[in-house]
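The values are calculated or read from the model by the stated rules, or taken from the named source; none is laboratory data. Quantities reported herein were computed from a predicted structural model and do not represent experimental measurements. A quick note on method: Cβ atoms are made from the backbone with ideal geometry, for glycine too, and the neighbour counts reach across all protein chains shown.
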Amino acid sequence: MSTNMIFDPMYLVFIAPALLLSLWASFRTRSAFNKYSQVRTARGLTGAQAARAMLDGAGIHDVQVVPTQGALTDHYNPADKTLALSEPVFAANSLAAVGVACHEAGHAVQHAEDYKPMWLRTALVPTANIGSSIGYLVMLFGLILSSANMVLLGAALFSLVLLFQIVTLPVELDASARAKRLAFEYGIVLEPERDGMARVLNAAALTYLAAAVSTLMTLLCAGLLGGGRRR
């Protein structure tokens, strides 16, 4: 077995910058959330109340706002129309909590308005799961076995993850844009609070960009390693 293929310095060229970007994006997100978790909104609405107010303002009354365990585990499930807010968001009346809650409500608004990229992302979830689990393992075994064909096959499967992430980016950015606009229009946040809410959402958006860049770098690395061994 060739150790050069497993410990190729090419990994550092591609993976190290992607890892640093991911760490920086994660730090920015947590830093912004922690900072604005200490800032109480003028109206004193909790995350759950803010989400409900945004949904009601948009004429959406069939979505349930429910609590869920964990931190930053907030999500909207279009299958059963539930908007789940994490413990630090559901009952908190901070600007960070309201920003996150309104972002998730933005996904519910997308669903109600039949926003096509959201439906495409939902349809890609099964293939992305296959790519993230099987594709990565196939690439890893290809490296261990020094099989260029196996590495390239794994990269092809793993590319399904990148496709999902590329589709996810506009969906998340659009949800944040809706949150920033509608939260102000519906009086959930006031003018002086808009900048703080935007900082929280903009930082969170970086994590999606970092994830896509990390996946792209992994694929480029695998492609160069696999392609180089074939020649």
**OP:** From the list T215, T207, pick out the single residue that is crowded, with 21+ Cβ neighbours inside 10 Å and among the polar types (S, T, N, Q).
**Re:** T215
Subject >> Residue check, A32 small (G, A, S), at pLDDT 90 or above and in a helix (DSSP H, G or I) >> reply: yes
Original post:
of a type in the set (V, I, T), modelled with pLDDT of 95 or more and either under 23 Å from A204 (Cα atoms) or in a helix (DSSP H, G or I) (or both) - does that describe any residue in segment 107-116?
Top reply: yes
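Restricting to segment 175-200, what's the tally of residues that are of a type in the set (A, V, I, L, M, F, W, C) and closer than 18 Å to Q165 by Cβ? First the steps, then the outcome.
To start, the set of residues in segment 175-200 that are of a type in the set (A, V, I, L, M, F, W, C) comprises 175, 177, 179, 182-184, 188-190, 197-198, 200.
Within this subset, residues satisfying the condition of being closer than 18 Å to Q165 by Cβ are 175.
Residues flagged as of a type in the set (A, V, I, L, M, F, W, C) and closer than 18 Å to Q165 by Cβ within segment 175-200 amount to 1.
So that you can scan it fast, the table gives a plain yes or no per residue for (1) free of Cβ contacts under 8 Å to residues at least 60 places away in the same chain; (2) surrounded by fewer than 21 Cβ atoms within 10 Å (Cβ to Cβ); (3) touching a strand residue (DSSP E or B) at 6+ places or on another chain (Cβ under 6 Å); (4) within 19 Å of A96 (Cβ to Cβ):
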| residue | (1), (2), (3), (4) |
| --- | --- |
| S37 | no, yes, yes, yes |
| A42 | no, yes, no, yes |
| V66 | yes, yes, yes, no |
| H75 | yes, yes, yes, yes |
| D80 | yes, yes, no, no |
| L83 | yes, no, yes, yes |
Subject >> Criterion (touching a Lys or Arg at 6+ places or on another chain (Cβ under 6 Å), closer than 21 Å to D74 by Cα, touching a residue at least 40 places away in the same chain (Cβ under 8 Å) and crowded, with 19+ Cβ neighbours inside 10 Å) met by exactly one of V189, V171 >> reply: V171
Subject >> Residue check for T215: among the polar types (S, T, N, Q) and closer than 30 Å to A42 by Cα >> reply: no
Original post:
In segment 95-130, which residues are buried (at least 23 other Cβ atoms within 10 Å of the Cβ), more than 19 Å from D56 (Cβ to Cβ) and among the small types (G, A, S)?
Top reply: A96
Original post:
Could you list, in sequence order, the residues of segment 130-186 that are over 23 Å from the mean Cα position of the chain (by Cα), within 30 Å of R199 (Cβ to Cβ) and part of a helix (DSSP H, G or I)?
Top reply: F184, E185
